[in-house]
Structure formats: C-alpha cells, structure tokens
Amino acid sequence: MKADRRKLELAMARACMNADDLHKTAEMPRPTVNNVIVGKNVRTATMGRIAKALGVDVLDIMKSEEQ
C-alpha cells in the first residue's frame, strides 16, 4: 500500500504536523514515516496508524489504483 505524497502532505498541513510530529503522534520510527511520505510500499497497519494520527480516513491519503 502506498501513500499519495500530495494528499499526505495536505493532510499533514491540515493537522499542522511535520514529519517529526507525525512520527511521534503515530508512535512509529521516523524512517517508517519517511518511507510513507516518499511513497514506498508499506504495510496496511502502518497506513492505518498514519491516517489515525492525522485524523483522516486511510483512503484520503492512499494512492489510487490508476496512479
């Protein structure tokens, strides 16, 4: 599962978070958050924790199939 970088950065901006804030709020290692931000394939649970930390649905930050 991959995040859409633009959608993720918008969600982070709405939540007034940078990558450091996100890794602390999501309680996961900073390199994992970096992998999500750059669009690497990550586990479903990781995307879920990121979405929960941002207060959005996982579909709001996920890369769509056709991208």
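The values are calculated or read from the model by the stated rules, or taken from the named source; none is laboratory data. It should be emphasised that the depicted structure is a prediction, and the values quoted were computed from it without experimental measurement. A quick note on method: Cβ atoms are made from the backbone with ideal geometry, for glycine too, and the neighbour counts reach across all protein chains shown.
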>> Taking the criterion of being at negative phi, outside any helix (DSSP H, G or I), exposed (fewer than 14 other Cβ atoms within 10 Å of the Cβ) and of a type in the set (A, V, I, L, M), would at least one residue in region 4-22 satisfy it?
In response: no
> Looking at (1) buried (at least 16 other Cβ atoms within 10 Å of the Cβ); (2) closer than 10 Å to residue 1 by Cβ; (3) among the small types (Gly, Ala, Ser), can you tell me which one residue 48 breaks?
Replying inline: (1)
> Inside region 50-67, can you point out the residues that are in contact with a helix residue (DSSP H, G or I) (Cβ under 9 Å, 6 or more places away or on another chain) and either small (Gly, Ala, Ser) or without any contact (Cβ under 8 Å) to a residue 24 or more places away in the chain (or both)?
Replying inline: 51, 53, 55, 57, 58, 59
> Which number in (1) surrounded by 13 or more Cβ atoms within 10 Å (Cβ to Cβ); (2) under 11 Å from the mean Cα position of the chain (by Cα); (3) modelled with pLDDT of 95 or more marks the one condition that residue 39 misses?
Replying inline: (3)
> Name the residues in region 23-51 that are small (Gly, Ala, Ser) and outside any helix (DSSP H, G or I), would you?
Replying inline: 26, 39
> Are any residues in region 1-44 of a type in the set (Gly, Ala, Ser) and closer than 17 Å to residue 63 by Cβ, and if so, which ones?
Replying inline: 3, 11, 39
